[in-house]
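Undergrad: Below you'll find the structure I mean.
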Amino acid sequence: MAYNFKEVETKWQKKWEKEGTFNAKQDYTLPKWYGLVEFPYPSGQGLHVGHPRSYTALDIIARKKRMQGYNVLYPMGFDAFGLPAENYAIKNHVHPKITTEKNVNHFRDQLKSLGFSFDWSREINTTDPKYYKWTQWIFIQLFKKGLAYKTTMPINFCTGCKVGLANEEVVNGVCERCGSPVVQKEKSQWMLKITEYAQRLIDDLDDLEYLDKIKAQQKNWIGRSEGAEVKFKIKNTDDTLLIYTTRPDTLFGATYMVVSPEHPFIKKYESKIENLNEVKEYQEKAAMKSDFERAELNKEKTGVEIKGIKAINPLTNEEIPIWISDYVLITYGTGAIMAVPAHDTRDFEFAKKFNLPIKQVIKPKDEKIQEELTEPFTDVENGIAINSEFLDGLESKDAIKKVIEYLEENKLGTKKVNYKLRDWVFSRQRYWGEPIPMIYCEDCGWVPVPEEELPLKLPEIEDYEPGENGESPLAKQTEWIKTKCPHCGKEAKRETDTMPQWAGSSWYYLRYMDPHNDKEFVSKEALKYWNNVDWYNGGMEHTTLHLLYSRFWHKFLYDIHQVPTKEPYQKRTSHGMILGGNGEKMSKSKGNVINPDDIVKEFGADSFRVYEMFMGPFDQTAPWSMESIRGCSKFLDRVWQMQEILTEEPGYSKEFESMMHKAIKKVTNDIEEMKFNTAVATFMTMVNEFTKAKKITRGEYKTFLQLLNPFAPHMTEEIWSQIGEKIEIAKTPWPTYEEEKTIDEEIEIPVQINGKLKATIKANKDAQREEIDNAVESNETISKLIEGKTIIKKIYVPGKIYNIVIK
RNA sequence: GCCGAUGUGGCGGAAUUGGCAGACGCACAUGACUCAAAAUCAUGCGGGAAACCAUGUGGGUUCGAGUCCCACCAUCGGUACCA
């Protein structure tokens, strides 16, 4: 009686679908559990074997939670706006809607063939107007609160295609598609003020169960730094130049200043600059450089001194020169710095190149002052101020405090916190995205589309090519653009930019709670019950931006009293990537892509699931192996074959009682800790034991199948019904164990001499120290080894180890 | 450079968190079944004749280190002058 996975898997999948077995219940009195996995972008290539790694993991947890009595929400949907569909449309003149629909259908079939317990009645799609109506609605709320604003920002612009490009489309400084150079072009863009939430996005991490590395990533990205803003007087004026520094204690060593090429200071003092042509030339060159070139050329510092203007160091009152250089960024701090070459790597390089004075104001603790610096000393933990008048002798940390006090007293500067985080560029000059629901009126300025008119649907168009100068393709839809100002009724124009792909995925977890609601984005009752997401798993590549954007939107919704909690996801974990058999990233060009459909066809969904869980630690990358999956398939065959050695005893046999209790404990814990690989190993060991004994009781088989069910739902369900059980296994309660029964009566204790294993003794689990001592001494090997030696110490860790130290 | 991770048999990996290193699986070898092969089943499988030696390298702490500390090396991922 061989196992026919094809027949069995389709049979159960059909039944689950028909009966909605795994759909979340509407009963809000039950304990709830909400598990979330990142919804896929439905690409033309179909499902990647990486997707099911995450989906299987949370599927296992979800199935276990259901058996433990929870009302589980485990939903799935599609993040279907995005570039590939649009680029495909440009090339082949097929509407993105059509390709998207086709791809979504393909993805859905693939997902269903793997037997995930998703609640398909709640499927969502970000490109559905009923969905993006609410994405637009949230944008309007952001606008109303002043968190959405328009400003000019540089974009990547392809000089060949005349299109704005996403960073991913810029490869080595040229356009991915046509190879023309890419330059920075100023464009008016919608921005979201995520920076206003920077501190809260850091602070609120404390109460969340994110993996530590994910918290670290979030914090590093936000990049908080503490320092001071300091005013430098400009000589012969009443004006000052404001800088930001994290090391105000080095102020006595500031020997020059640098402003970024875009700094307004230059325009302001144009008339005083003696070498204006040279300065302007430098500014133009900097503007021409793309981000790529700036990064590429950063090995060699460039710059020009601004002649005719000097600044005054506020502490030394010395006159210092002002330079312009692109190593100072207009987007961070104040766009200007004081340069302390002795204690900053970049300033040091710059000073060396242009022969600027280097003045040491810090020395390493316990070391002498060096005659000449070969490298800057930057260690803040380990420095003592020198040559700094009232700071001399202070440790760097204390010097920072003291100098800030001084600056504040004398109105020369203030303490200041800065963040690396920048506001979120929210405009895309693209067709396949949510239209930004804004109208421009000459008299009233930017006015949102009235909320009752939402969704503002994406117009049907034929021509997806971008407009002039990198405008959105919608800019050519003159009829669609024309509208009336909702405020004053005058002729007005619609915004033609669309939203980025991040928009729809920033709040999708909320929609799953109440996906068919057309009055609200989610009902208050649903929110109260389901919020927050209890467990969110996804790729490491989304733990910075997506997670941050999503947390930002959630916090905003909290502020306007739309959601009851401060954070969307209580717990966030991430899975490792699956590599090709050769250990490299899977890619078409390398020919190492594994298609999940082929695997399901050859081995079945259960084998596929078990293998993906067994292949290695869940959070680490793992290479695919065709041989190993065969091993998992063999394991399941042996599970099936155990039907032939089944006896009718209802309970556990004496022989296997403790193994059963241990296994329940181990598998239950392993699932919670995502140690799926060792859980599978436990199953394999059990099968080996039962097969060796050539018998398994009904009680043992039942428990075994229940534990295995979340991993291999189809086969376990089939065996369950084959052995005559009436209620589906998925509807039975999760097995429980008794702690005392996991402890063996007789234990083995390793005995070491000087830390090296020499023998093992057997003892009763309750044996007293004295008995153990006797047993050790009467052991032949041990007694021989300690004969004639001095025993210094005997260490006994109960139940674990016995170590004799001899001389 | 910085941030994060990883390093254990031929390979993927275990190790109750400081207590018998190599669980489980793959590959391989031998045997059984077979005319034969595949499948299946059984046995073995870090090195060494042994004492012993072995968890990237070198130190340290400890009765005891894969696990903790210090210094380094290698690989992978992210990021780019953040003052």
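Since every read-out is calculated from the coordinates, none of them should be taken as a lab result. Owing to the predicted nature of the structure, the values given are computational and were not obtained by experimental measurement. So basically every Cβ, Gly included, is an ideal-geometry build from the backbone, and we count neighbours across all protein chains shown.
Undergrad: How about the range A:700-776: which trypsin sites (Lys or Arg not before Pro) there lie in a loop by DSSP and see at most 14 other Cβ atoms within 10 Å? Don't skip to the answer; put the middle values down first.
TA: Details: sites: A:Lys702, A:Lys726, A:Lys731, A:Lys741, A:Lys756, A:Lys758, A:Lys762, A:Lys765, A:Arg769; in loops: A:Lys726, A:Lys765.
Passing sites in the range A:700-776 are A:Lys726, A:Lys765.
Undergrad: Can you pull the one-decimal nm distance between simple spin-label points at A:Lys97 and A:Thr331, each 7 Å off the Cα toward Cβ?
TA: Those two pseudo-labels are separated by 3.6 nm.
Undergrad: Please state the charge dipole magnitude for the range A:374-519, taken about the Cα centre, from unit charges on C-beta atoms (+1 on K and R, -1 on D and E), reported in debye and rounded to the nearest 20.
TA: Computed charge dipole of the range A:374-519: roughly 260 debye.
Undergrad: State, to one decimal in nm², a quarter of the convex hull surface area for the C-alpha atoms of the range A:177-235, i.e. the direction-averaged projected area. Intermediate results must be reported in sequence, preceding the final value.
TA: On the way: hull surface 38.2 nm².
Here the figure is 9.6 nm², rounded to one decimal.
Undergrad: Have a look at A:Pro733, A:Asn754, A:Ile782 and report the one farthest towards the positive end of the charge dipole of the range A:663-782, computed about the Cα centre with Cβ charges (Lys/Arg +1, Asp/Glu -1).
TA: Checked the options; the winner is A:Pro733.
Undergrad: Additional query: At most 13 other Cβ atoms within 10 Å and a DSSP loop assignment: could you name the GluC sites (Glu not before Pro) in the range A:458-530 that fit? Numbers along the way, then the final one.
TA: Details: sites: A:Glu460, A:Glu462, A:Glu468, A:Glu471, A:Glu479, A:Glu491, A:Glu495, A:Glu520, A:Glu525; in loops: A:Glu460, A:Glu462, A:Glu471, A:Glu495, A:Glu520.
Hits after loop and neighbour filter: A:Glu460, A:Glu462, A:Glu520.
Undergrad: Okay, moving on. Is the range A:624-729 rounded, prolate or oblate when judged by the Cα gyration tensor, a ≥ b ≥ c being the square roots of its eigenvalues, rounded requiring a/c under 1.5 and prolate requiring a/b larger than b/c? Intermediate results must be reported in sequence, preceding the final value.
TA: Working: a/c = 1.43, a/b = 1.28, b/c = 1.12.
Judged from the Cα gyration tensor, the range A:624-729 comes out rounded (a/c under 1.5).
Undergrad: What whole-number distance in Å separates the alpha-carbon centres of the range A:470-513 and the range A:584-643?
TA: Cα centroid to Cα centroid, the span is 44 Å.
Undergrad: Run the quick spin-label model on A:Lys588 and A:Lys793: label points 7 Å from Cα toward the beta carbon, then report their separation in nm to one decimal.
TA: 6.6 nm
Undergrad: Would you mind pulling out the separation of the Cα centroids of the range A:248-269 and the range A:123-159, in Å?
TA: Using only Cα atoms to place each centre, the spacing works out to 37 Å.
Undergrad: When the C-alpha atoms of the range A:111-166 are aligned to their principal axes, what extent does each axis show, in angstrom, from largest down?
TA: The principal-axis extents, from largest down, are 47, 37, 16 Å.
Undergrad: Can you give the net charge of the other residues whose Cβ lies under 10 Å from the Cβ of A:Trp720, counting K and R as +1 and D and E as -1?
TA: Numbers: positive: A:Lys702, A:Lys726; negative: A:Glu717, A:Glu718, A:Glu725, A:Glu728.
Here the count lands on -2.
Undergrad: Starting from the Cα of A:Lys11, step 7 Å toward the Cβ, then list every residue of the range A:697-719 with an amide N under 18 Å from that point.
TA: Counting only backbone N, you get A:705-706, A:709, A:712-719.
Undergrad: With 13 Å as the cut-off, how large is the P(r) tail for the range A:350-389, expressed as percent of Cα-Cα pairs?
TA: Details: 436 of 780 pairs.
That fraction is 56 percent.
Undergrad: Another one. How large is the helix-only mean residue ellipticity at 222 nm for chain A, computed as the sum of -39500 (n - 2.57) over DSSP H runs with n ≥ 4, divided by its residue count, in deg cm²/dmol to the nearest 500?
TA: Counting only the DSSP helices, I get -10500 deg cm²/dmol.
Undergrad: Report for chain A the percent antiparallel among DSSP-assigned beta bridges with both residues inside it, nearest 5.
TA: 75 percent
Undergrad: If R₀ is 56 angstrom, what is the calculated FRET efficiency for the pair A:Glu649 and A:Lys213, using the beta carbon separation as r and rounding to 0.05? Let's see the in-between values first.
TA: Working: r = 48 Å, r/R0 = 0.86.
Between A:Glu649 and A:Lys213 the formula returns 0.70.
Undergrad: Take the Cα atoms of the range A:73-162, find their three principal axes, and give me the spread along each one in whole Å, biggest first.
TA: 49, 39, 18
Undergrad: Going by amide H atoms built from the backbone, whose H comes under 5 Å of the H on A:Ala339, apart from near neighbours?
TA: A:Thr255, A:Tyr256, A:Met257, A:Val258
Undergrad: Here's a follow-up. Work out the FRET efficiency for A:Thr691 and A:Gln68 from their Cβ-Cβ distance, taking R0 = 25 Å, and round it to the nearest 0.05.
TA: Details: r = 29 Å, r/R0 = 1.17.
Calculated transfer efficiency: 0.30.
Undergrad: Stokes-Einstein diffusion coefficient for chain A at 37 °C in a medium of 0.692 mPa s, Rh from the Kirkwood formula over Cα pairs: what value in µm²/s? Walk me through the numbers before you get to the answer.
TA: On the way: Rh = 31.8 Å.
My calculation gives 103 µm²/s for D.
Undergrad: Still on this structure, I have one more. Quick check for me: using +1 on Lys/Arg Cβ and -1 on Asp/Glu Cβ, what's the dipole size of the range A:604-721 about its Cα centre, in debye to the nearest 20? Before the final figure, lay out each step's value.
TA: On the way: 14 positive and 17 negative charges, 61 e Å.
With only Lys, Arg, Asp and Glu charged at Cβ, the dipole is about 300 debye.
Undergrad: On to the next question. Report P(r) for the range A:370-514: all Cα-Cα distances, bin width 10 Å, range 0 to the bin holding the largest distance, values in whole percent.
TA: Whole-percent P(r) values from 0 Å outward: 9, 23, 19, 9, 11, 18, 10, 1.
Undergrad: Same structure again: Any idea how far apart A:Glu672 and A:Lys741 come out in nm if each label point goes 7 Å out from Cα toward Cβ?
TA: Label-label distance for A:Glu672 and A:Lys741, simple model: 1.9 nm.
Undergrad: Loop only per DSSP, at most 16 neighbouring Cβ atoms within 10 Å: give me the trypsin sites (Lys or Arg not before Pro) in the range A:89-150, ordered by residue number.
TA: On the way: sites: A:Lys91, A:Lys97, A:Lys102, A:Arg108, A:Lys112, A:Arg122, A:Lys130, A:Lys133, A:Lys144, A:Lys145, A:Lys150; in loops: A:Lys145.
Counting only loop positions with at most 16 other Cβ atoms within 10 Å, the trypsin sites (Lys or Arg not before Pro) in the range A:89-150 are A:Lys145.
Undergrad: If you place +1 on the Cβ of every Lys and Arg, -1 on the Cβ of every Asp and Glu, and leave all else neutral, what size is the dipole of chain A about its Cα centre, to the nearest 20 Debye?
TA: Working: 113 positive and 123 negative charges, 80 e Å.
Once rounded to the nearest 20, the dipole reads 380 debye.
Undergrad: For an R0 of 25 angstrom, estimate the FRET efficiency from the Cβ-Cβ distance between A:Lys401 and A:Tyr558 and round to the nearest 0.05.
TA: Details: r = 35 Å, r/R0 = 1.41.
E between A:Lys401 and A:Tyr558, to the nearest 0.05, is 0.10.
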